[in-house]
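Heads up, the thing below is written out as structure tokens.
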Amino acid sequence: MVIKKATRFFATLALLVLLANVVNAAQQLDGPATSPNVLLICIDDLNDWTGFLGGYPGVVTPNMDALAARGRNFANAHCNVPVCSASRASVMSGVAATTHGSYEIGPKYDDLPALNNIPTLQRYFKDNGYYTLSGGKVLHHGFSGRLAGDIDRSLGRKKGPNSPKPLNRPSDWSRAWDWGEYPEADAEMADYQLAKNAAAALQETFDKPFFMSVGFFRPHVPLYAPPKWFDLYDASQLALPNNPKSDLDDLPNNFLGINDYAVAPTHAEVVQHGKQRSLTQAYLANVSFADHCVGIVLDALESSPHAENTVVVLWSDHGFHLGEKQHWAKRTLWEESTRVPLLISGPGIKPGEPCQQPASLLDIYPTLIDLCKLPKNARLEGLSLVPQLQDPASERDRPAITSSYYGNHSIRSKDWRLIVYEDGAKELYDHRNDPDEFNNLAGNPEYKVIQDRLLKWLPTKTTPEFKTKSERSRKRSK
Ligand SMILES: [Ca+2]
Ligand SMILES: [Ca+2]
């Protein structure tokens, strides 16, 4: 009798253990059903001029600062390419320019042969059970062609940075490089309308986890924003960068070759026309306006049913010079051009110190896969940032690599930056005592060991630059 009872007891126990295992397995297999939502906020041309990165004294970015305070601020994060379309192709494919072959403004994601079999981040989540929503500038050319099905719902028509655009407005250099107090109200701005659309969608409930991408155009030029954002900054009192001309004396001769960007004004032109203060004010105004739009989306998330179960990632596609090193805009391999905001927060991520370890925008894709417990994507070239989300001091050997135009690369570690140009010329900076990258140490025998150590990370196998047929014929006709 006793034996029978014991047998029954153990049989029941075995059954319970078996059931528990089945439930566990189901939970693992059912990842997406219990996975967090994702809110991906993409900003265009935002450099380190935010409160949480400390790049400009007195800049007003309370919403992004609050986001930084409740998650992880990757304070040493860098883009893969310092220009819109190629940077975004890297983020959304998870592979570097040296693999996909776009090093400049140019081909669409779906034009690049190397990306034929690589799903966008959004497609990967969709294929793993997520509902995808997207609005504004996420991929530079949008989700079109074979990518059209990657997005289940649009959060509004893709409007360019010229929306709205004042009529017949004279411009100092070009239509793109215009700026000023326009329009009168936030509600007329495309970014504001997008923020409101995203905010409304966040109040809904979904029968699957969602992956929402929201891409703001500001502070990309033209730098129009309503007057109240300009009023935050007194142009006559603004700090201007310390950018002595002599800083350029220790640069390799060819550096101008990759910084020759015809659309942006040169620093000499900005100064000659007396526009440095008004341009700086306009950029700051647009940063604060973009921050306001981010706040609309974050407030909506906060008051939604998804507040506790959504991973938020905020990033900018590359940095921006406003006179530093005598340069305006992007495309350089210096700190102002490669450094970007990267904030990650969500369930299980505790607030903590900013992370000073190098991070790359390539890391967004594998990090989100880890956080949402999706199957690994073997094609990705970034590293998951989960160790640094758990502990910001967690060391990481691999530096952040940035490429600009074919054959030119920057290698940014925790303390150093090495730039290697196509012809082998180099720049080396020690960020422990030279955050402005004034003192080029390349070739100095005292720093040979560190230079050689960084050189080991220089990309060797690189995909040649891909040009579409129309780009090739445009080039020939020039
Ligand atoms: Ca951009
Ligand atoms: Ca220098």
Exactly one of Gly71, Gly54 is free of Cβ contacts under 8 Å to residues at least 12 places away in the same chain and not charged (D, E, K, R), and that one is Gly54
Phe230: modelled with pLDDT of 95 or more, under 26 Å from the mean Cα position of the chain (by Cα) and either of a type in the set (Lys, Arg) or more than 16 Å from ligand 2 (Cβ to nearest atom) (or both), yes or no? yes
Would you say Ile118 is at pLDDT below 95 and either within 16 Å of ligand 1 (Cβ to nearest atom) or in the same structural domain as Ser144 (by TED's automatic domain parsing) (or both)? no
Which of the residues spanning the stretch 461-473 are open to solvent by less than 60 Å² (accessible area, probe 1.4 Å), outside any loop (DSSP other than H, G, I, E, B) and not hydroxyl-bearing (Ser, Thr, Tyr)? Glu471
Residues that are in a loop (DSSP other than H, G, I, E, B), open to solvent by 10 Å² or more (accessible area, probe 1.4 Å) and modelled with pLDDT of 95 or more, drawn from the stretch 271-322: Ser303, Ser304, Pro305, His306
Considering the stretch 236-256 alone, what residues qualify as being open to solvent by 60 Å² or more (accessible area, probe 1.4 Å), within 28 Å of the chain's Cα centre (by Cα) and modelled with pLDDT under 90? Leu256
Go over the candidates Gly136, Gly142 one by one and state the one that is at positive phi, touching a Cys at 6+ places or on another chain (Cβ under 9 Å) and not acidic (Asp, Glu). Gly136
Since Tyr447 meets every condition but one in (1) within 16 Å of ligand 2 (Cβ to nearest atom); (2) in contact with a helix residue (DSSP H, G or I) (Cβ under 7 Å, 6 or more places away or on another chain); (3) of a type outside the set (A, V, I, L, M), which condition does it not meet? (2)
Matching residues in the stretch 323-333 - criterion: being within 16 Å of ligand 2 (Cβ to nearest atom) and open to solvent by 10 Å² or more (accessible area, probe 1.4 Å): Glu324, Lys325, Gln326, His327
Could you tell me how many of the residues in the stretch 112-131 are within 16 Å of Ser90 (Cβ to Cβ), open to solvent by 20 Å² or more (accessible area, probe 1.4 Å) and touching a strand residue (DSSP E or B) at 6+ places or on another chain (Cβ under 7 Å)? 0
Restricting attention to the stretch 201-223, which residues are among the hydroxyl-bearing types (Ser, Thr, Tyr) and either on the phi > 0 side of the Ramachandran plot or open to solvent by less than 10 Å² (accessible area, probe 1.4 Å) (or both)? Ser213
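Those residues that are over 30 Å from Leu441 (Cα atoms) and of a type in the set (Asp, Glu), I need them from the stretch 197-251; list them, please. Even if it seems obvious, please write down each step before you answer.
Going residue by residue through the stretch 197-251, those that are over 30 Å from Leu441 (Cα atoms) are 197-238.
Matches in the stretch 197-251: Glu204, Asp207, Asp231, Asp234.
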Subset of the stretch 432-454 (residues that are touching a residue at least 40 places away in the same chain (Cβ under 8 Å) and closer than 22 Å to Arg396 by Cβ): Pro435, Glu437, Leu454
Collect the residues in the stretch 132-146 that are surrounded by fewer than 18 Cβ atoms within 10 Å (Cβ to Cβ) and farther than 19 Å from Phe217 by Cα, keeping them in residue-number order. Gly145, Arg146
Gly407 meets each of (1) part of a loop (DSSP other than H, G, I, E, B); (2) under 26 Å from Gly106 (Cβ atoms); (3) in contact (Cβ under 8 Å) with a residue 60 or more places away in the chain with one exception, condition (3)
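Scanning the stretch 323-374 for residues that are assigned to a helix (DSSP H, G or I) and of a type in the set (A, V, I, L, M), which turns out nearest to the chain's Cα centre (by Cα)?
Leu361
Quick check on Val270: is it out of contact with any strand residue (DSSP E or B) (no Cβ under 6 Å at 6 or more places or on another chain), within 16 Å of ligand 1 (Cβ to nearest atom), farther than 25 Å from Leu458 by Cβ and of a type in the set (A, V, I, L, M, F, W, C)?
Spelling it out, it is not the case that Val270 is out of contact with any strand residue (DSSP E or B) (no Cβ under 6 Å at 6 or more places or on another chain), within 16 Å of ligand 1 (Cβ to nearest atom), farther than 25 Å from Leu458 by Cβ and of a type in the set (A, V, I, L, M, F, W, C).
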Looking only at the stretch 410-460, count how many residues are part of a helix (DSSP H, G or I) and hydroxyl-bearing (Ser, Thr, Tyr). 1
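The values are calculated or read from the model by the stated rules, or taken from the named source; none is laboratory data. Bear in mind that the values here come from a model prediction, so they are computed numbers and not experimental data. Backbone-built Cβ (ideal geometry, glycine too); neighbour counts: all protein chains shown. In case anyone asks, the SASA skips ligands and DNA or RNA and just uses the protein heavy atoms, side chains included. Shrake-Rupley method; radii C 1.70, N 1.55, O 1.52, S 1.80 Å.
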